Amino acid sequence: MPRVSNSAASRKRKKKILKMARGYRGGRSKLYKTAKESVDRALVYAYRGRKERKRDFRRLWIARINAAVRQYGVSYSVFINALNKNDIRLNRKILADLAAQDGTVFKAVFDRAMTAV
């Protein structure tokens, strides 16, 4: 029985990798083996970066909220604890946006949270 190479599938697989490697320098965009290595590494970085972006934004929001509540002489942790005790359900993204864009509304939320504390 003759050996079958299935060239259509392997050509499709190679074209897919080389298409993803467009824009890379030198052999990384032209040679299949190096392109595959570069694309695999790039996909790992992309996957990891999507996770890191969530961490980075949360860190940014916390820093902004902390800076806003320090103006009133309170730490971030005390403020978040006061929000939870008073059952004020605003996430950090919204709180940071209020602190940066609309200080009067943030002050109202702050006053409401700190009433019973």
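Each value in this text was obtained by applying a stated rule to the coordinates, not by laboratory testing. All values derive from a computational prediction rather than experimental measurement. Cβ coordinates were reconstructed from backbone atoms using ideal geometry, including for glycine residues, and neighbour counts include every protein chain displayed.
Which trypsin sites (Lys or Arg not before Pro) in region 22-103 pass both tests, a DSSP loop state and at most 10 other beta-carbon atoms within 10 Å? Kindly include the intermediate steps, with their values, before the conclusion.
Values: sites: ARG22, ARG25, ARG28, LYS30, LYS33, LYS36, ARG41, ARG48, ARG50, LYS51, ARG53, LYS54, ARG55, ARG58, ARG59, ARG64, ARG70, LYS85, ARG89, ARG92, LYS93; in loops: ARG22, ARG25, LYS30, ARG89.
Answer in residue order: ARG22, ARG25, ARG89.
Kirkwood Rh over alpha-carbon pairs of region 8-114, then Stokes-Einstein at 4 °C and 1.567 mPa s: what D in µm² s⁻¹, rounded to an integer?
75 µm²/s
So what is the relative contact order for the chain, in percent, with contacts set as C-alpha pairs under 8 Å and at least six apart?
Once divided by the residue count of the chain, the mean separation gives 17 percent.
May I ask for the Kirkwood hydrodynamic radius of region 1-67, worked out over all distinct Cα pairs and given in angstroms to one decimal? Show your work: numbers first, answer last.
Numbers: mean 1/r = 0.0674 Å⁻¹.
It is 14.8 Å.
Identify all lysines with a Cα-Cα distance to LYS14 below 24 Å; exclude those on the same chain that are fewer than 8 residues away in sequence.
The qualifying lysines are LYS30, LYS33, LYS36.
Could you work out how far helix 7-20 tilts from the main Cα principal axis of the chain, as a 0 to 90 degree angle to the nearest 10?
With both axes taken from Cα atoms, the answer is about 40 degrees.
Roughly how tilted is helix 103-114, in degrees to the nearest 10 and between 0 and 90, from the longest Cα axis of the chain?
For helix 103-114, the angle is close to 70 degrees.
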